[in-house]
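Before any comments, here is the structure.
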Amino acid sequence: MSKLAPEYIEGSMTHQETSWQLPSIDYVQYYDLEDYLFSVVSTRYSRDKSLSAFDFFSIVIWKANRAKTRIASRLIKYGGGQESLEVAVAKLMADITSALDPKERLSILIKQWGFRLPMASAILTVLFPNEFTVYDIRVCEELGDFKNADSENFEILWRRYHAYTEAVKNTALGYPLLRDKDRYLWGKSAASQLCSDIKVCFKQASPSTDE
């Protein structure tokens, strides 16, 4: 069985319970979650235009593990109230796939499904890695701007996020891929933060990101 096509074997599904077996994936590859997302999940979405709940929540955990319970509740709420994350994720993926352009994709996640920009951008970065980059406070600090991009007004949010994406594209010129530029900026911030923490004996809090 190809590791790019894991099976999800369902028992009899009701609104109350679903019987699952573990997906047939390469668990060594899954250990490196980011590699799994961009080599397997991104490829699968490009091919199938849909994702399982397992792959979707792998994205959520990669961005903010602590947010997974809130995200699950949100999906049930905005997915029609059915107590099935598979159904809700399928509906969300269909909405994203039907969108005509990047702005509409982001609007669907934020305005229709109630996500905030950090998590919405992470989801779309995995699905469309050449169009989106993760909105992250560390990257904002490296760019020296855009900390106010997560606005309640979507038109303002989109303009700021688009400018943020363009700013990321214009950095780390030795790395042509947008995803690698984001990694470069995040890595530079994390390394700088560690040096600062060591200097002050870890007496200052490190930056954190929200969902």
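The values are calculated or read from the model by the stated rules, or taken from the named source; none is laboratory data. Remember, it's a predicted structure, so these values are computed and weren't measured experimentally. Every residue, glycine among them, receives a Cβ derived from its backbone with ideal geometry; neighbour counts consider all protein chains shown.
Structure notes:
- Long-range neighbours under 8 Å by Cβ, at least six apart or interchain, first residue under 27 Å from Thr171 (Cα atoms) and at pLDDT 90 or above within the stretch 189-205, second of a type outside the set (Ser, Thr, Tyr) and assigned to a loop (DSSP other than H, G, I, E, B): Ser189/Pro207; Gln193/Pro207; Ser196/Gln204; Asp197/Gln204
- A single member of Glu166, Glu141 is in contact (Cβ under 8 Å) with a residue 60 or more places away in the chain, assigned to a helix (DSSP H, G or I), assigned by TED's automatic domain parsing to the domain that holds Lys188 and under 20 Å from the mean Cα position of the chain (by Cα), and it is Glu141.
- The lone exception for Lys77 - which of (1) surrounded by 13 or more Cβ atoms within 10 Å (Cβ to Cβ); (2) in contact (Cβ under 8 Å) with a residue 24 or more places away in the chain it fails: (1)
- Flag for Trp158 being of a type in the set (A, V, I, L, M, F, W, C), assigned to a helix (DSSP H, G or I) and within 18 Å of Val126 (Cα to Cα): no
- Scanning the stretch 57-71 for residues that are over 9 Å from the mean Cα position of the chain (by Cα) and β-branched (Val, Ile, Thr) yields Thr69, Ile71.
- Among the residues listed as Lys49, Lys63, Lys68, the single one being among the basic types (Lys, Arg), out of contact with any Leu (no Cβ under 6 Å at 6 or more places or on another chain) and farther than 16 Å from Pro129 by Cα: Lys68
- Complete set of residues in the stretch 39-66 that are farther than 20 Å from Arg179 by Cβ and of a type in the set (Gly, Ala, Ser): Ser50, Ser52, Ala53
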